[in-house]
Amino acid sequence: MGIRGLRLPVALFVCAVTAALGLAAAAGAADDPYAALLAPSGTCGAAADQLDLDSATAQLAMQCLTNYARAQQSLPPLQLNPTLNTAGQTKLKSDITCAEFSHTPCGQPFDAVFATYVMGATSYQIGENIAWGTGSYGTPRQAMNGWLHSTGHRENILTAAYAELGIGYLPEQTFQGYSGATLWSQEFGLRSPSSSTVSTPPVAHKPAQKQKPKPKPKPHKPKR
């Protein structure tokens, strides 16, 4: 007998976008790069395979998974940035409010959430990954697994130039007709010099074309 009221998608929905001057994509590893890039269970603690985390624990688990993938490509780790954490949370809340799985919910520019981060910077690079899923697909490892299996998301994660990371996390949401949905975002950034030392407005840019999410699968009852 199935669990009443629970519907699970067969895969995560993921979407990526980047905006940068001279953004470089990292080369993929040979053989099975996805398996090599995903931290084995336990590497980033028990929280990486759990649901309904508090924000701080979720951010640390996703940072660990992100930096593990980067380490496999000999890339420097990303540091959590509170301003980017806020940007990621704001984007996900807008997706919920606008009932859209989008980098531009309600028509807002994708980079609007980065306004505080890039304020005063003379140059910067920014990127964003978003994902959502229900059931076990909402755990940090499964969200990362979905991103690593998509070219655009993997390129964001493995972009050598990025130095900072923000994580958005909204568990137990009702979204796109599903209950118990978990939403994730990764906000990537590099700014020069720091926004506290300059007053020059940031360079204008256009985001790259984003990937379209896969069609929503039909719901099914999970087995006991």
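Observations, loosely collected:
- For the peptides 154-167, 42-55, residues were scored by their other Cβ atoms within 10 Å and the scores averaged per peptide; the highest-first order is 154-167, 42-55.
- Accessible surface of Leu75 - all protein chains present, 1.4 Å probe, nearest 10 Å²: 30
The values are calculated or read from the model by the stated rules, or taken from the named source; none is laboratory data. Since the structure is predicted, the reported quantities are computational estimates derived from the model, not experimental observations. Reconstructed Cβ throughout: ideal geometry from the backbone, glycine too, with neighbour counts over all protein chains shown. SASA here: full protein model, heavy atoms, side chains in, ligands and nucleic acids out. Shrake-Rupley method; radii C 1.70, N 1.55, O 1.52, S 1.80 Å.
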